[in-house]
1. Of the numbered conditions (1) touching a helix residue (DSSP H, G or I) at 6+ places or on another chain (Cβ under 6 Å); (2) modelled with pLDDT under 90, Gln238 satisfies every one except a single condition; which is it?
2. Within the range 213-232, is there a residue that is within 19 Å of Ala163 (Cβ to Cβ) and hydrophobic (A, V, I, L, M, F, W, C)?
3. Out of the range 229-247, which residues are of a type in the set (Val, Ile, Thr) and part of a helix (DSSP H, G or I)?
4. Determine which member of the set Asp257, Asp302, Asp292, Asp298 is among the charged types (D, E, K, R) and under 12 Å from the mean Cα position of the chain (by Cα).
5. When the residues of the range 208-235 are narrowed to those that are more than 17 Å from Gly195 (Cα to Cα) and of a type in the set (Ser, Thr, Tyr), which ends up farthest from the chain's Cα centre (by Cα)?
6. For Gln198, which of the numbered conditions (1) in contact (Cβ under 8 Å) with a residue 24 or more places away in the chain; (2) surrounded by fewer than 23 Cβ atoms within 10 Å (Cβ to Cβ); (3) not hydrophobic (A, V, I, L, M, F, W, C) fails to hold?
7. Please enumerate the residues belonging to the range 127-139 that are more than 8 Å from the ligand (Cβ to nearest atom) and either charged (D, E, K, R) or surrounded by fewer than 24 Cβ atoms within 10 Å (Cβ to Cβ) (or both).
8. Given the criteria modelled with pLDDT of 95 or more, part of a loop (DSSP other than H, G, I, E, B) and either farther than 21 Å from Pro275 by Cα or out of contact with any Lys or Arg (no Cβ under 9 Å at 6 or more places or on another chain) (or both), does Val158 qualify?
Amino acid sequence: RLARLRARLVRSNNALGKGLLALLSRDTIDEDVWDEIEETLLLADLGTEPTQELVGALRERVKVEGSRDPQHVHDMLREELVRLVDPSMDRELASQRHPDRPAIVMVVGVNGVGKTTTIGKLARVLVAQDKDVLLGAADTFRAAAAEQLATWGDRVGVPTVKADVDGADPASVAFEAVRAGIEQEVDVVMIDTAGRLQNKVGLMDELGKIKRVVEKQATVDEVLLVLDATTGQNGLNQAKVFSEVVNVTGIVLTKLDGTAKGGIVVAIQRQLGVPVKLVGLGEGPDDLAPFDAEAFVDALLD
Ligand code: GDP
């Protein structure tokens with residue numbers, strides 16, 4: 001899976017790696033070159049502060065180590081990027097079975113970022129690990145959303161708890177899903193939620209209520225925030241709003257297959273202090289990969 005992640009990212013992001021290597025291969029690394037390196041990193045959505053930190057650290061190392069060999073400078077750049085992406089963050093999903101109840105995973109994010117698709121893909125991964133999974137369709141606002149989730153459920157062979165009527169209370173659907181999960185002794189219950197960011201107060205109430213109601217039966221182990229990697233700064237703003245509403249424990253960054261802006265990983269982790277745990281690399285059922293800092297940076301720079 002990591003090899004595939006790499007292949008995918010290489011295809012979409014190689015502009016960054018090639019561009020940087022070309023810059024570092026110039027005869028002299030003068031101010032202009034440093035500026036261009038900075039620009040290249042900014043274009044990859046690394047963010048102003050991390051970019052300045054990285055370029056500052058790199059300049060210092062080039063000075064101290066006195067090496068002008070492009071490959072060596074490239075290696076230093078890689079090390080500094082890995083440091084920024086932070087391999088020490090705990091990216092394990094909280095989806096282990098509790099001895100007496102299912103793990104509860106809430107999935108939040110704005111409409112269209114890939115929540116439902118991610119739940120389908122993740123369910124498939126868990127099923128492949130021999131886990132019993134149940135889905136809860138708590139996005140009751142759009143009738144099509146529950147159908148779409150159930151379709152994914154059928155596709156990967158797991159049941160979906162839906163509302164009986166349109167526009168039902170999302171929290172009560174989530175409650176029912178968790179109850180069914182406990183009753184059926186499944187390992188993981190994943191709850192899909194609505195993402196109408198236009199109405200921030202409504203969203204806050206709704207997500208907060210879902211969590212409160214679910215926790216009458218079982219603690220929510222994981223709140224995964226799904227963000228679309230192609231949306232740049234907008235994704236960062238969304239992340240901020242959601243983290244004010246619920247206690248986000250992990251990020252899923254989708255649509256990395258369609259962007260050269262993978263640097264957004266660094267910006268998001270910094271802003272939220274929460275690790276990217278999974279990445280979406282396409283629309284198919286197998287296009288989800290665990291996030292690995294080193295593999296990710298290698299892909300970025302390849
Ligand atoms: P939701 O509204 O957040 O539940 O979003 P959906 O799961 O319905 O996804 C919205 C669109 O994004 C669909 O067309 C998905 O196929 C597509 N999508 C989701 N994840 C990815 C991904 O990782 N890569 C690509 N290329 N498309 C994705």
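1. Failing condition for Gln238: (1).
2. Within the range 213-232 (the criterion being within 19 Å of Ala163 (Cβ to Cβ) and hydrophobic (A, V, I, L, M, F, W, C)), the answer is yes, since at least one residue qualifies.
3. Of everything in the range 229-247, those that are of a type in the set (Val, Ile, Thr) and part of a helix (DSSP H, G or I) turn out to be Thr230, Thr231, Val241, Val245.
4. So the residue among Asp257, Asp302, Asp292, Asp298 that is among the charged types (D, E, K, R) and under 12 Å from the mean Cα position of the chain (by Cα) is Asp292.
5. The qualifying residue farthest from the chain's Cα centre (by Cα) is Thr219.
6. (1)
7. Hits for the range 127-139 are Val127, Ala128, Gln129, Asp130, Lys131, Asp132.
8. For Val158, the condition - modelled with pLDDT of 95 or more, part of a loop (DSSP other than H, G, I, E, B) and either farther than 21 Å from Pro275 by Cα or out of contact with any Lys or Arg (no Cβ under 9 Å at 6 or more places or on another chain) (or both) - is met.
The values are calculated or read from the model by the stated rules, or taken from the named source; none is laboratory data. What you see is a predicted model; the values in this text were computed from it and never measured. Neighbour counts run over all protein chains shown; Cβ positions are idealised from the backbone, glycine included.
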